[in-house]
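Below you'll find the structure, written out as structure tokens, and then a few comments.
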Amino acid sequence: MRLNYEVFYETPDTVKEKSCQVCGSACDVTRGVYGPSNFIEAKNKMADLYDVFSCPNTDKDWHELALKLLMAIDEMPSKRVAALMRLDLQDLLNENRDNNE
Ligand SMILES: [Zn+2]
């Protein structure tokens with residue numbers, strides 16, 4: 001799972017709800033858990049508690065594809081190509097989000 005795209009670690013009780021950056025779904029939240037070291041590595045607050053928000057769709061194939069597209073868009077230096085990629089992303093989300101509600 002990709003931190004800050006589909007999973008988020010927040011200081012406990014500072015964030016009420018969070019939307020997935022990939023598909024816009026409301027994230028599931030687990031409050032007051034220790035941050036796994038592989039996500040929080042390099043930070044000095046290893047032992048702190050976090051509220052963890054994660055998208056309910058992260059295990060879906062379409063979500064993985066949407067995430068790849070979104071990350072590629074973020075790295076795409078060409079505005080025109082990025083705009084086209086956004087259309088693809090929108091199609092993908094429109095096709096799949098309906099099946100999950
Ligand atoms: Zn999502």
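Quick notes on this structure:
- Residue in region 24-40 that is modelled with the highest pLDDT, counting only those that are more than 10 Å from the chain's Cα centre (by Cα) and in a loop (DSSP other than H, G, I, E, B): G35
- Residues in region 41-55 that are modelled with pLDDT of 95 or more and either outside any strand (DSSP E or B) or away from the ligand (no atom under 16 Å from the Cβ) (or both): C55 alone.
- Close pairs from region 5-23: first outside the structural domain of I73 (by TED's automatic domain parsing) and modelled with pLDDT of 95 or more, partner away from the ligand (no atom under 14 Å from the Cβ) and of a type in the set (G, A, S), Cβ under 7 Å, at least 6 apart: none
- In the set (1) at pLDDT below 95; (2) away from the ligand (no atom under 14 Å from the Cβ); (3) acidic (D, E), the condition left unmet by E75 is number (1).
The values are calculated or read from the model by the stated rules, or taken from the named source; none is laboratory data. All values derive from a computational prediction rather than experimental measurement. As a convention, Cβ positions derive from the backbone with ideal geometry for all residues, glycine included, and neighbour counts pool all protein chains shown.
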